[in-house]
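Before any comments, here is the structure.
The values are calculated or read from the model by the stated rules, or taken from the named source; none is laboratory data. Note that the coordinates shown come from a computational prediction; the quantities given were computed from them, not determined experimentally. Cβ coordinates were reconstructed from backbone atoms using ideal geometry, including for glycine residues, and neighbour counts include every protein chain displayed.
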Amino acid sequence: MKTFIQHFVHIHAQKVLIDGVLRYEETATALDFPAFIRNVYKHFEMQYPKFYKMDDLSKLAFVGAELLNLKKSDVYKSEDKGIVLMNRSSSLYTDALHQASIADKNNYFPSPAVFVYTLPNIAIGELCIRHQISGENYFFVQEHFNPAMLTNYVSLLFRQKHIQQCICGWVELNADNYELFLYSVEQNSENAVKIVDKSPIFASLNLEVDHILNDTDNIKKLYKL
Amino acid sequence: MKSAYIIAHHLISALGFTSKKNVEQLMANQSGIRLSDRYSKGLELPLALIDKTAFPFEYKKEYTYLENLMIHSMEESLHQASFDYKSERCLCIISTTKGNIDLLSNEKDLDIPKERAGLGNMAEVIQKYFQFYHAPMVISNACISGSMAVITAQRMIQEDMYDNIIVCGGDIASEFVVAGFNCLKAISHQACKPFDAHRTGISMGEAVATVLMSHEKMPSEKISFEMLGGAISNDANHISGPSRTGEGLTLAIQKTFEMTALNASDIDYVSAHGTATIYNDEMESMAMYRTALDKVPVNSFKGYIGHTLGAAGVIEIVMGIECMRANMLIKSLGYEENGVEHPLHIIQENATKAQTHFLKLSSGFGGCNAALIIQKQEA
């Protein structure tokens, strides 16, 4: 069964790319992640006050998913939509905050607002609430981005009719770095991004009438964009 | 489409170091929960801890506590089967929420690098130990991780992506999780009482559980267990509280029925998630009511082994299978008086009942839910 990439978003090194096109760049001196992601949120005029309560991993996933422009193609039932995410560091960045709050017996202050984010799939929960997604949801943790594992499993979910649309990708955040590569996939190509740009990176993709097929090779190439 | 069978298993929990020991303790209605302040200095809380003084294996210093347990459990499982686990046709799936989280605390295992707190890093250490062909797939989806791993394995075997899959679920008790659940006011000060009117929260547990899943039955076994199918859903409602209407879990159960062409009247027994928090048990009973499962015998194993997080699905599936093999319904420990809006058929005393299908339910933070059905087949 063929499935197609609707849109794809990259966020890393103070840049935001949508469908491979640079849409925002923080040119000021290096910002820390919280300041950077707040600027992106404001720049794209996002409106979702709960954003400010999220931990950093969820903020990254949230902003990425907003930029996928899912509303435009929202023709699926909530239960037919899924999310499959992967990263390296799970929720370890927030885990360290929780650990620091219990390290000193004389200054012991574990906080529910921090602890609830010490699971990577909380980011998925946030996206499910925002986009009313109630189907299959997976968080894989792998030492390296594993496009074959991701693509093979997402394809299985489509073939076995568990989902008709899916948000997929790599959402990594640790103390030193952040890297998001998020994309949406569906069975129909009607809503899929059209590749008319024939620059080398796009020319090497497996296309079907200008639409990007969701396969391991394509995901590998798009990730590196 | 191929079938997926659970052909071997091995359990480590507060009830003991083998599947056999765990099942014997269940049948005798013995709980592994004891009061302890090991992870909450000065405050005694009920915990279901593995007996570290009784390891039936040599503890390997270069591996963490959790890795030692996982390696032992996988080795003991693999001894029971004869397939080539180093082959390209074999995959290992690890389900865990927190992995080597104890490494974050400064007091622990200083000879082990802190990077091993990374779940992928831990998985590659285990891959290297066993010389698995593929890097293990690590599923970290809160408390449904274990059930998801079994569902995922079945789907991949069904499509002939692999012949054999080793599913290992594991999570250890730690100050990290105890302090966390305690600050959420989700921990009971006595052994947990799932579905009871006086329930006040969970009892933390720790466990490692392995199941071997294969496209082939064990030729020597008279009874086999086929994993028929399952589904995963999300409440899309709240990140740390379950839906009040049981919407997500209802959906997972309905999809599982659809997929397996079975319905509530085919289910002989339900192993509930039953954490004994006010919200979980209410939500779960609502979902069971909505799917006509409220008359089917149900228990929660949490009164025996506590809440074992990423291991919970795997260990409770094994317990469900063994109860089905013995045609036994096991008392839901801690239950005395109905405490949910839609009363369930809670198993109050051990009983015998012929069983063919059992349904496992799981729910977790992040709004996730899973349901799956296992069928007993007699040759």
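General remarks:
- Failed item in (1) within 11 Å of chain A (Cβ to nearest Cβ); (2) under 26 Å from B:Ser224 (Cβ atoms); (3) in contact with a strand residue (DSSP E or B) (Cβ under 9 Å, 6 or more places away or on another chain), with B:Lys98 passing the rest: (2)
- Take the conditions (1) modelled with pLDDT of 95 or more; (2) under 18 Å from the mean Cα position of the chain (by Cα); A:Gln99 misses just one of them, which is (2).
- Within region B:32-51, considering residues that are farther than 16 Å from B:Ile187 by Cβ and touching a helix residue (DSSP H, G or I) at 6+ places or on another chain (Cβ under 8 Å), the one surrounded by the most Cβ atoms within 10 Å (Cβ to Cβ): B:Gly32
- Residues of region A:148-183 classified as in a strand (DSSP E or B) and closer than 19 Å to B:Gly230 by Cβ, total: 1
- The residue that is farthest from the other protein chains (Cβ to nearest Cβ), among those in region B:200-226 that are in contact (Cβ under 8 Å) with a residue 24 or more places away in the chain and more than 21 Å from the chain's Cα centre (by Cα), is B:Lys222.
- Of everything in region A:92-120 that is in a loop (DSSP other than H, G, I, E, B) and of a type in the set (D, E, K, R), the residue that is farthest from the other protein chains (Cβ to nearest Cβ) is A:Asp104.
- Against the conditions (1) more than 8 Å from chain A (Cβ to nearest Cβ); (2) crowded, with 23+ Cβ neighbours inside 10 Å; (3) out of contact with any Pro (no Cβ under 9 Å at 6 or more places or on another chain); (4) modelled with pLDDT of 95 or more, B:Gln254 satisfies every one except (2).
- Qualifying residue in region B:103-114 (condition: touching a strand residue (DSSP E or B) at 6+ places or on another chain (Cβ under 9 Å), at the interface with chain A (Cβ under 10 Å from one of its Cβ atoms), of a type outside the set (D, E, K, R) and more than 19 Å from B:Glu206 (Cα to Cα)): no
- Subset of region B:323-332 [surrounded by fewer than 21 Cβ atoms within 10 Å (Cβ to Cβ) and either touching a helix residue (DSSP H, G or I) at 6+ places or on another chain (Cβ under 6 Å) or not in a helix (DSSP H, G or I) (or both)]: B:Ala326, B:Asn327, B:Met328, B:Lys331
- First in region B:166-182 and among the hydroxyl-bearing types (Ser, Thr, Tyr), second anywhere and not in a helix (DSSP H, G or I), Cβ under 8 Å, 6 or more apart: B:Ser174/B:Tyr39; B:Ser174/B:Lys98; B:Ser174/B:Ser105
- Checked against (1) of a type outside the set (D, E, K, R); (2) touching a Gly at 6+ places or on another chain (Cβ under 8 Å); (3) surrounded by fewer than 24 Cβ atoms within 10 Å (Cβ to Cβ); (4) modelled with pLDDT of 95 or more, B:Asn237 passes all but condition (4).
- Going through (1) at the interface with chain B (Cβ under 7 Å from one of its Cβ atoms); (2) within 23 Å of A:Asn174 (Cα to Cα) one by one, A:Gly135 falls short only on (2).
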